[in-house]
């Protein structure tokens, strides 16, 4: 589903964010990425989303080579990916429900169908009662869960999450992980970046460990 | 919290067509654009009035040209030749000339206004009875009003020369030269209108384009997020295209209303002016078709400038 072939990414300053990364994530596989901050976790997710292009090597997602994907095809590529961002990327001028509805509106779903799916997604993250509230009035953890609901609402084939449990207490973290596991069980591929090592260890999934842009370990924690 | 992620409701509706999707999106987007404009009424009103005033100028020239056109047509039908006879001529001598001209085939009718009748008419119309009465002698010549059979300028000029060669005739005045002048003015106004329209359209592109650029700048974060969840540039641009179209059409509509106000204000004085020329000319207002055209011109210009501006500015936002 996701394949990195010898991928490197340099920024304009010359420093390498990622160097010679190779790995593959299968359909229905859930993989963690860990590493201290600045190790390249976010860059990895940005490459998969097409927010950045690799400097060398190939990034293949769902059969298409992102280096060769024309600019106007990138939106369609992103529609197949549900992404949870570390800074949530919510819109503060609209309600929780409208935030979650965004991917469906863009994909052109009927308003009624959109409402139904939005409520289902909010129910999954335990925020159905707050659908009419504005993100500003939510706690950091609640905002994060709104971001998760938005990522899963369009039933993507790939879910990427940058520190999805960063602001959540252990109980909520476990709930969110359960939601991710449900998606895994129906064949969705997930790549979760986290530096919460205890959670990662406890779940015992395949883990990619990055250090200074290099993949230093790939295996079960 | 624990329903299966893909547990679809049993009543999944049939797959909507691409056309349906587009229709829902457009309806929602058009409404949203309108609401956004109405939420900042002052800024919207200022933009709309600038567009309206810009459109008003070429529209006024267009109307002026139209009115000159219909004025000319009105004058054309009553094309006349005025023949002023020598002042020394007696009424009976003038009568003789008149009778002679009535035998000419090139003339439809000949009407004689004797010098005494001219004096009476003039003092009545111009309210100068006192001044004229104080003159010892009637200063006005007898006049022959001729309606020629032809309306061709060359034929009329030949006729004019023929009339001028008569010894009793002092001056021959051909209305045609006046018409030709009016025609030239009309052409000038029309050219001026077209040139002005070009400048106005360029100005509108700048005004609307800049308004859209600012709107995009204000919604930068929203556009970033939209791009992250898979919105195409076309999808993101759509509300801004509606904004441009709505601003432009509203400008066109306000310009039509301003024209109507002007027409109501000027109508009376134009009728007085036309009456002075013995002319049934009515000041024409914008026809319904032209009014719709003006609104569409505004809307189209708004849409096009929004298109150019939004594609440039949206592409520049990279998530």
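The values are calculated or read from the model by the stated rules, or taken from the named source; none is laboratory data. Everything numeric in this text was worked out from a predicted model, so none of it was measured. FYI the Cβ positions are ideal-geometry reconstructions off the backbone, even for glycines, and counts take in every protein chain you see.
Does residue A:22 satisfy being at negative phi, at pLDDT 90 or above and not assigned by TED's automatic domain parsing to the domain that holds residue A:151? So residue A:22 fits the description; yes.
Mind telling me which of the residues B:28, B:7, B:18 ends up being within 14 Å of another protein chain (Cβ to nearest Cβ), at pLDDT below 85, surrounded by fewer than 16 Cβ atoms within 10 Å (Cβ to Cβ) and under 30 Å from residue A:178 (Cβ atoms)? Before you say what the answer is, go through the steps one by one.
Working: B:28 fails: under 30 Å from residue A:178 (Cβ atoms); B:18 fails: under 30 Å from residue A:178 (Cβ atoms).
Just one listed residue meets the conditions, B:7.
Every condition in (1) over 39 Å from the mean Cα position of the chain (by Cα); (2) at pLDDT 85 or above is met by residue B:61 except one, and the failing one is (1).
Does the stretch B:143-150 contain at least one residue that is surrounded by fewer than 16 Cβ atoms within 10 Å (Cβ to Cβ) and at pLDDT 80 or above?
In the first step, residues of the stretch B:143-150 are kept if they are surrounded by fewer than 16 Cβ atoms within 10 Å (Cβ to Cβ); the result is B:145, B:147, B:149-150.
Remaining after also requiring at pLDDT 80 or above: B:145, B:147.
Scanning the stretch B:143-150, I find at least one residue that is surrounded by fewer than 16 Cβ atoms within 10 Å (Cβ to Cβ) and at pLDDT 80 or above, so the answer is yes.
As a summary of the residue check, residue A:200 satisfies the conditions (1) surrounded by 22 or more Cβ atoms within 10 Å (Cβ to Cβ); (2) in contact with a strand residue (DSSP E or B) (Cβ under 8 Å, 6 or more places away or on another chain) except for the one numbered (1). Of all residues in the stretch A:30-38, none satisfies being buried (at least 21 other Cβ atoms within 10 Å of the Cβ), within 14 Å of chain B (Cβ to nearest Cβ) and in contact with a helix residue (DSSP H, G or I) (Cβ under 7 Å, 6 or more places away or on another chain). Quick one: is residue A:186 crowded, with 19+ Cβ neighbours inside 10 Å, under 29 Å from residue B:231 (Cβ atoms) and at pLDDT 85 or above? Judged against the criteria, residue A:186 is not a match. Has the stretch B:175-188 got any residue that is part of a strand (DSSP E or B) and outside the structural domain of residue B:33 (by TED's automatic domain parsing)? No, that holds for no residue. Taking the stretch A:120-140 as the range and being out of contact with any helix residue (DSSP H, G or I) (no Cβ under 6 Å at 6 or more places or on another chain) and under 24 Å from residue A:173 (Cβ atoms) as the test, the residues that pass are A:120, A:123, A:126, A:129, A:136, A:137, A:138, A:139, A:140.
Among the residues of the stretch B:226-271, those that are part of a helix (DSSP H, G or I), more than 22 Å from residue B:40 (Cβ to Cβ) and within 14 Å of another protein chain (Cβ to nearest Cβ) comprise B:227, B:228, B:233, B:234, B:235.
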